[in-house]
Structures are given as structure tokens and as C-alpha cells.
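Report on one structure; see the data block that follows.
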Amino acid sequence: RDSDKIGEALIQINDKLNEAMYNENIRKKEDRLRDWESEGLSKFVNILQRNRENLEELCYELISNLVEYLNADLGALFFINSDNPNDVYFEQMATYAFEQQKLVQKKIYPEQGLIGRIFSEKETIYLSEVPKGYVTIKSGLGEGDPKNLLIVPLLINKEVYGAIEIASFNLIKGFQIEFIEKIGENIASTINNVLVNSKTKELLQQSRKQSELLSSQEEEMRRNLLELQHIQRESDASIY
């Protein structure tokens, strides 16, 4: 019957409209995620480019902006200190929103805790049940343990150079984790370059000081020698 055909046609049209709306919603969501990632990449590339002289400021800007961009609550940035090959450890470079600095260890060795695990496993750790007492978030509303903990290794050529730790009451979503992993190598490379440049500058300054000291000593020796020669000439003259 005609009415049945019209009914079927209307159902098909409705199904197509629903499918089109679903696809449009998916497209808009993907666009929002792309915009969020693109904005974030631009933001952090800018931070990395403008803070190459001050390591402390660079690390603080990175972790504070990451925590805020993810709408998280706490953050810490660690980097490998291998100045002494017999004493390699993760060094705390910066923290954000911690009530007290002592809440984060200054040194963490590769065999210690979750940060240490990153050194050998080289994989992101995400926990939706944080070990009790691991860290406490304090705010004007009181304090409590975060529900979510993310630790991302900072890799260069698959070698661990550091780690980023984020704690949050809110769920940390997959695209946010991927974003930190994506910018991780840029962060690691920049911090490593700043450290290398800083050490090179320090060595050059030491070398310059040693050179100036040697020049000063040589000048002193030259003056002493001239004085001795002068005394010797006067002594020889007095004999005659």
C-alpha cells in the first residue's frame, strides 16, 4: 500500500538524518580535539623557544602550563642527572601546586617507586586508583587524594631522559595522554640542550679563569725574574 511505502520512506529518511547528525557530531568532536591539540602544540613550542637561557623558569613554565592545560591539579617534572656515572638519578626540576616542596622527593633513583619504573620500562604509567598517601591535593575546600595519576617518560631516541608526573581529581583522557607523549621528545631535547649549553658555558668560564690565573702567574714570574736580573746586575756592578 502507498501508506506503507510512505512510512518506510519516512523511516529511511529519519535513519539517514540520524546517521548524518551522528557523523556531524563525530566530525565536530574530532575538529575540537584537533584544535585543542594544535593550540597546545603552538603554546608549548612557544614556551620551549623563549626560555632557553633560564632552566628553572623553563621547567616551571612547562609543568604549570601542562597542569592547567589538562585541567589537572598537581604536576612535577623530573630529569635524569648523570653527572656522576656512579650516581644516576631523577632530579626534581620543578613542581606546580604542591603545598610544600617536601611532598616531592628531590632525588629519585631508577629502582625507586613509580618514577623509577619509568627508567626501565620506558612506558607511560596511568593509574585511576592512586596508592593511598602517594600525594595529597590541598585547596581552599580542604584536602584529599587525587583519583588519577599519570607519569609520562621523556624520551630521546628511545632513551629515558626524564619524566612528567600529573595528578588529578579529574579523569585524564586518552587524547590528553597522547598529547603529552607527543610533546615529550621536544621537552626532553630542549631541557637537555639547555643543560649541555649551561655546562659548556660553565666549563668555558672555568677554562677562562684558569687561563687568566696562569697568565697572572706567568706575569708574576716574569716580574720576579726581571727583578732578580736587576739585583744580579747591581751586585755585579758593585763588585767592580
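Which value in deg cm²/dmol, rounded to the nearest 500, describes the helix-derived mean residue ellipticity at 222 nm for the chain, given -39,500 (n - 2.57) per DSSP H run of n ≥ 4 and division by the residue count?
On the way: 4 runs with 139 residues, N = 240.
The per-residue figure over the chain is -21000 deg cm²/dmol.
Expressed as a whole percent, the accessible surface of region 47-102 that belongs to carbon and sulfur atoms is 36, based on a 1.4 Å probe.
Of all the options I63, I164, I13, the one that moves most in a Gaussian network model of the chain with Cα springs shorter than 10 angstrom is I13.
Taking the average, over residues, of other Cβ atoms within 10 Å as the packing measure, peptides 224-232, 50-58, 75-83 rank 75-83, 50-58, 224-232 from highest down. Take the chain, connect every pair of alpha-carbon atoms lying under 10 Å apart with a spring to form a Gaussian network, then pick out the residue of L74, L149, L127 with the largest mean-square fluctuation. It is L127.
With Rh defined as the Kirkwood radius, the inverse of the mean 1/r over Cα pairs, the Rg/Rh of the chain is 1.37. Each of L214, N186, L55 was scored by the projection of its Cα onto the charge dipole of the chain, and the greatest displacement toward the positive side belongs to N186; charges sit on the C-beta of Lys, Arg, Asp and Glu. Backbone amide hydrogens, once placed in the peptide plane, bring L155 within less than 5 Å of Y161, E185, excluding anything fewer than 5 places away on its chain.
Rg over Rh for region 27-82 works out to 1.07, both radii taken from alpha-carbon positions and Rh defined as the Kirkwood radius.
Calculated FRET efficiency, D35 and F169, Cβ-Cβ r, R0 30 Å, to nearest 0.05?
Values: r = 25 Å, r/R0 = 0.83.
For R0 = 30 Å, the calculated efficiency reads 0.75.
In this simple spin-label model, placing a label point 7 Å from the Cα along the Cα-to-Cβ direction at both E178 and R52 gives a separation of 3.0 nm. Modelled spin labels at Y126 and I6, positioned 7 Å past Cα toward Cβ, are 5.2 nm from each other. Result for the chain in a Gaussian network model with C-alpha springs under 10 Å: among E121, E37, E220, the largest mean-square fluctuation is at E220.
Can you tell me the relative contact order of the chain? Whole percent, Cα pairs under 8 Å, sequence separation 6 or more.
Details: 282 pairs, mean separation 35.0, N = 240.
Over the chain, the number comes to 15 percent.
Taking amide H positions as modeled 1.01 Å from N, with prolines and chain starts lacking one, the residues under 5 Å from I80 and 5 or more places away or on another chain are E91, G162.
The values are calculated or read from the model by the stated rules, or taken from the named source; none is laboratory data. Small disclaimer: the values here were computed from a predicted structure and weren't measured. All Cβ positions, even for glycine, are placed from backbone atoms using ideal geometry, and neighbour counts span all protein chains on display. SASA here: full protein model, heavy atoms, side chains in, ligands and nucleic acids out. Shrake-Rupley method; radii C 1.70, N 1.55, O 1.52, S 1.80 Å.
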